[in-house]
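The values are calculated or read from the model by the stated rules, or taken from the named source; none is laboratory data. Just so it is clear, the structure is predicted and the values come from calculations on it, not from any experiment. Here the Cβ positions follow ideal geometry from the backbone for every residue, glycine too, while neighbour counts run over all protein chains shown.
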Amino acid sequence: MPSTTARLRALAPLTALALTAGVGLTACGSDDAATDAAGDTSTSSTTSSSTEASSVTVTDPWVKAVDAGDMTAMFGTLTNDGDADAVLVSATTEAASMVQLHETVETDDGSMQMQEKDGGFDLAAGDGHELAPGGDHVMLMGVSDDLLPGDTVTVTLTFEDDSTLDVDAVVKEYTGADEEYSDGMDEDSDMSGTDMSEGSDS
Amino acid sequence: MSADHTPEHVPDGADEPRRARGFGRRQLLRTGAAALGGTGVGWVAASAATGATGPAASTTATGATTTDGSAAGSRPEVGMRTVAFHGAHQAGVATPPQAYLTLLGLDLHDVVDREALGRMMRLLSDDASRLSRGVAALADNEPELAERPASLSVTFGFGPRVVREHFSGTSMTLEELPAFSTDRLEDAWGQTDVAVQICCDDPLTLAHCRRMLLKDSRAFADVRWMQEGYRRAVGTEAEGTTVRNVMGQVDGTVNPAETDDDFSRLIWSEESGFEGGSVMIVRRIRARMESWDKVDRAGRENTVGRRLDTGAPLTGTKEHDTADFSATDELGFKVIDPASHIARATARTPEEKFLRRPYNYTVPDVSRPSGEDAGLVFIAYAADPVKQFVPVQQRLAELDRLNEWITTIGSAVYAVPPGAADGEAVAQHLLAT
Amino acid sequence: MTPAHHLSHPARAGLARTGAAGLLVSLLVSLLVSLLAALLLTVGAAPASAHASLIGTDPEDGASLDALPTSVTFEFSEEMSDPAYVVVTAPDGSEVADGDPVVSDNLVTQALLDGPAGAYTMAYRVVSADGHPVSGQISFTVAAGETASPSASASASTSASASASASPSAPATSAEATTDGATESTPSTEDDGSWLSRNALTVGVPVVLVLLAGGLLLLSRRSSS
C-alpha cells in the first residue's frame, strides 16, 4: 500500500495498530493493515468472539532464524482491542519442544538476563504490549527443524480464559539483542552476536 | 515528466490509495497542472504541492510511523513522498528517476533453489513494501531511518541463469548481452543472478533500505557489486528536467514518455508470466574525464551532436527539437556529424527505442590523475533488449565519436517481473513450488 | 601578522645585495621579459597554434594542373580521427569524390573520379584527436584539353561542357574560393616557402629576445656578485 494522506495521519493515535494489524481493525488504518508482503501478518481466532483471543491481535510477528536444536524467540506487537483485560498465559508451536513467555531483566552486574515471566503477559483493554529483542518475548526452545529465513512458523497463544490464537510468524535472520540467558539455557553463538559484529557483515 | 507513474501502480482493492489519488487529482486541477496526467499517487500530490503548499498538499506515507507526531504542516514534503511498491508494474521503472541510486548485484549461493529464492523474495518484498511506505521493516534495528520514504523505490531483476533454472510458467527467455567491440568488461561489474535497484530522493533513507535488504538477502546471496549513482538533488531543477551527465551533456532527451502510444509496447513485456514486467539493461560506462577536459565546447558539441547549453540538436534551438540528420552546411557537410553520438544512437526503426534511466557515478580513485573514477551507471528498460537495445549498442560500438572518451566496463541484463499484488512478493508466481 | 613580516625579510635582503647597478639591469630584464611575453601571446593567438589546422594540400590551393589527379590529400598539423569528410566539386557542380576519405595519422586522402577541366573546389571537414571539428576548402584548376586520359570518350564529353562554362571564369572562381576558404578555422594554406621562411618573424623575434634577455641576466649576476 502506498500511502495515506496527511490528514489521516493526524487522525490516528491508533497508528501503531494501523501499521500492519492483520484483522479486525476498523477506523482509518484498516486499509493499511490489510496485508503486506507474504508472511507478514496472519492471526486467526479459534474461539468465539467474546474470548480474550478474539480481542487480541498480533502485528508484525517474526521469529529469529536458527538451526534445529537451538532456541529462538517470537516477537511482535500484541494489542488488546477488547473491552476486557486479557492475559497471555502460554504458547505452543510444532516448531519447538518447549515454549515459554520471557521477560528480560537487568541483573545486579548490569547485564540483561532473560527469565520466565510469572503469570504471563497482562494485556489491559485497549493496550498494546510489545514483544521485542531485549524485552519481553515468546521463547522457543528445542527447535525441531532449521528455521530458515523467509519460512513461516505458527505459534499458538493461549490466554487466561483458555481461548487460543494462531499466529503465523515470518522467520528472519537477526543478530541484535545480545542478552545473557539465565542458568540452564543453552547459549549458542548466534544468540551472543552483538550489534557491532552485525555491522561488519552487511 | 518523461516517464510518469501509471495509475496501475495503485494497488488493486486498496481504498486508501484511491482516496489519495482522488485527492491528488483535485489538487492537480486546482493548480492547473492537469496536463501532467497519468501520474501515480505520490507524484501527483508532489506535483500539486509545488503549486499549492500546505498540510494537505503532500501525500504522505502511512500513519504507521508513530514517532512522527508533529503537526502536519511541518512535515517535509519531499521526505514524505511515496512511490507504490505494489501494482501492475514494479516501481522504479516508469517512476521518474529519484536523485540517488544503489544498484546491488547479488549472486545466489549454490544451495539456493527455487524454494529458497521464493523465501528470499518474500523477505525482500516485505522490506521493500514497508520501507516504500515509510514503515520500518520487520526486525528493523533503526526504525527511525525508515520514517522519510522520500520516494523510495525498490526494483528486482533476475539474471539469465535464474530465469533459466528457477522460473517456471513463463515464456520469458533472457540471454546475456553480446560482447560489443568497444567493451572492456571487468568481472567486478559483470552479470549477476539478481539485481536490486534502489532509488530514493534521500541518501540516508536509501542507505537504510539497502542495509535492510542486504541483511535479509545474506542468507541466500553474496554481494558481487554495488553501484551507486546520483542525479540532481530534488529541488535543484524543475521536475522533469532532463538530467546532465558528468561530462556535462543533457542526457536522455529522446526517452519515450509514459504518455506515448508505444510506451507500453516498448517497455512492458507481454511474455506470459511477465506481463507488465520488463528487462533491465545495466552498463557501467567509465568516462575518461582527464582527456575529456581537453575537448573544447565545439568539440564536445560535435561529438554528441547537441548543444551543451540547451541540449538542442545542432540543427535546432530547443532541447526537444527533432534532430535533422540530413541538414548540411555551406560546404555541403552534415551539420550533425554522422559519427556523432546522437546520429549513431538515434532509433532507425520503431523498435530501437527503450527507456533510459541513467545515474552518474563518481568514486574515489587515487590512482588516476583526477583522483576519481567517474561515469555513468547506464540503466535502461526494454520489453526486448535484443530487438530494441542491441542494434543501437552495436552501431555505437562500430562508430561513435564519444567512444574516444567512454568505455563500458560492466554489462548485465535482468528480467524484471511484473509488480506484486498487495500481500504478495515479486516473482512469487514464477517461483511457486 | 608576524609570519608576513618574516617572509618579507629575505626579499629586502636580496634587493640590498643587488645594489643600484643591479637594480637597473633587473628592471631592463623584466621589461624585456614583458615584451617577450606580449609577443608570444600575439603569436599564440595565430590560427596555427589554436587547434589542428590544415598545413598543406596536394594539389596546393590555387594550383593549375594539367590533369585531374586520381586523389587529393589534406595534411593537418596533428592527428585526425576517423571518419573525415571531403567534398570535391567539379566545375559543373558534380561531386567527383570516389568513396570515403582515408584517414592516416595527419593525412586525409580522397580518391577521385574523372572530371572535366575547369575550377575545382575541395572541401574538408575533419575532427582532430581532441574532438575539435575543423573545416574549410581550397581550389585548383585543371587545364582544358589536357584532362587525364583514362577514357577518350569520357574526357571528350566532359571537356566540352567544361570549356563552355568553367574555363573562362577559372581565375575568378579560384580567388573567391580562397577568400571564403574557412568556416570554422582559417586553413593556413601552403605556399611555396618553407615553414621557417614563412614564420621568420614570429619565430625569429622571440628567439632574439630570449637570447638578449639571457645575456642581460648573466650580466646582472656578474655585476651583483
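Check B:L266 against each of (1) away from chain C (no Cβ under 14 Å); (2) surrounded by fewer than 17 Cβ atoms within 10 Å (Cβ to Cβ); (3) part of a helix (DSSP H, G or I) and name the one condition it does not meet.
(2)
What are the residues in region C:59-92 that are part of a loop (DSSP other than H, G, I, E, B), among the hydroxyl-bearing types (S, T, Y) and within 19 Å of the chain's Cα centre (by Cα), if any?
Listed by number, the list holds a single entry, C:S77.
So if I check each of B:V154, B:V163, which one is at pLDDT 95 or above, touching a Cys at 6+ places or on another chain (Cβ under 8 Å) and either away from every other protein chain (no Cβ under 14 Å) or not in a helix (DSSP H, G or I) (or both)?
Residue meeting the stated conditions: B:V154.
Looking at B:A343, B:A327, B:A312, B:A374, can you tell me which residue is in contact with a Phe, Trp or Tyr (Cβ under 8 Å, 6 or more places away or on another chain), over 24 Å from B:Q394 (Cβ atoms) and among the aliphatic types (A, V, I, L, M)?
One residue alone meets the criteria, B:A374.
Being modelled with pLDDT under 95 and surrounded by fewer than 21 Cβ atoms within 10 Å (Cβ to Cβ), is that true of even one residue in region B:332-340?
Residues of region B:332-340 that are modelled with pLDDT under 95, as a first pass: B:332.
With surrounded by fewer than 21 Cβ atoms within 10 Å (Cβ to Cβ) added as a condition, the list becomes B:332.
Yes: one or more hits.
Output yes when any residue across region A:11-27 is assigned to a loop (DSSP other than H, G, I, E, B), surrounded by fewer than 20 Cβ atoms within 10 Å (Cβ to Cβ) and modelled with pLDDT of 50 or more, and no when none is.
No, because not a single residue in region A:11-27 is assigned to a loop (DSSP other than H, G, I, E, B), surrounded by fewer than 20 Cβ atoms within 10 Å (Cβ to Cβ) and modelled with pLDDT of 50 or more.
Quick check on my filter: what residues within region C:118-135 are within 9 Å of chain B (Cβ to nearest Cβ) and at positive phi?
C:G131
In region C:93-137, what residues are part of a loop (DSSP other than H, G, I, E, B) and surrounded by fewer than 20 Cβ atoms within 10 Å (Cβ to Cβ)?
C:G93, C:S94, C:D98, C:G99, C:D100, C:D105, C:N106, C:L113, C:D114, C:A129, C:D130
Can you name every residue in region B:369-408 that is in contact with a helix residue (DSSP H, G or I) (Cβ under 9 Å, 6 or more places away or on another chain), farther than 27 Å from B:S272 by Cβ and of a type in the set (S, T, Y)?
Of everything in region B:369-408, those that are in contact with a helix residue (DSSP H, G or I) (Cβ under 9 Å, 6 or more places away or on another chain), farther than 27 Å from B:S272 by Cβ and of a type in the set (S, T, Y) turn out to be B:S370, B:T408.
From the set of residues in region B:86-102 that are touching a Lys or Arg at 6+ places or on another chain (Cβ under 8 Å) and of a type in the set (S, T, N, Q), which is nearest to B:A233 (Cα to Cα)?
By that ranking, first place goes to B:Q98.
Does B:A116 count as within 13 Å of chain A (Cβ to nearest Cβ) and farther than 24 Å from B:Q227 by Cβ?
yes
So, B:K318, is that one within 14 Å of another protein chain (Cβ to nearest Cβ) and either without any contact (Cβ under 8 Å) to a residue 12 or more places away in the chain or within 29 Å of B:G190 (Cβ to Cβ) (or both) or not?
For B:K318, the condition - within 14 Å of another protein chain (Cβ to nearest Cβ) and either without any contact (Cβ under 8 Å) to a residue 12 or more places away in the chain or within 29 Å of B:G190 (Cβ to Cβ) (or both) - is not met.
Have a look at B:F220, B:F274 and point out the one that is touching a residue at least 24 places away in the same chain (Cβ under 8 Å) and within 14 Å of chain A (Cβ to nearest Cβ).
Testing whether each residue is touching a residue at least 24 places away in the same chain (Cβ under 8 Å) and within 14 Å of chain A (Cβ to nearest Cβ) leaves just B:F220.
Based on what the data block shows, is B:S217 out of contact with any strand residue (DSSP E or B) (no Cβ under 9 Å at 6 or more places or on another chain), of a type in the set (S, T, Y) and more than 30 Å from B:P313 (Cβ to Cβ)?
The answer is no for B:S217.
So, in region B:203-226, of the ones that are of a type in the set (G, A, S) and not in a helix (DSSP H, G or I), which residue ends up surrounded by the most Cβ atoms within 10 Å (Cβ to Cβ)? Even if it seems obvious, please write down each step before you answer.
Start the filter on region B:203-226 by keeping residues that are of a type in the set (G, A, S), which leaves B:207, B:217, B:219, B:221.
Pick out the ones that are also not in a helix (DSSP H, G or I) and you get B:219, B:221.
On the way: B:A219: 19, B:A221: 23.
The extreme case among them is B:A221.
Could you please give the count of residues in region B:288-315 that are more than 13 Å from chain C (Cβ to nearest Cβ) and either under 12 Å from B:G248 (Cα atoms) or touching a residue at least 60 places away in the same chain (Cβ under 8 Å) (or both)?
Summing the residues that are more than 13 Å from chain C (Cβ to nearest Cβ) and either under 12 Å from B:G248 (Cα atoms) or touching a residue at least 60 places away in the same chain (Cβ under 8 Å) (or both) in region B:288-315 gives 6.
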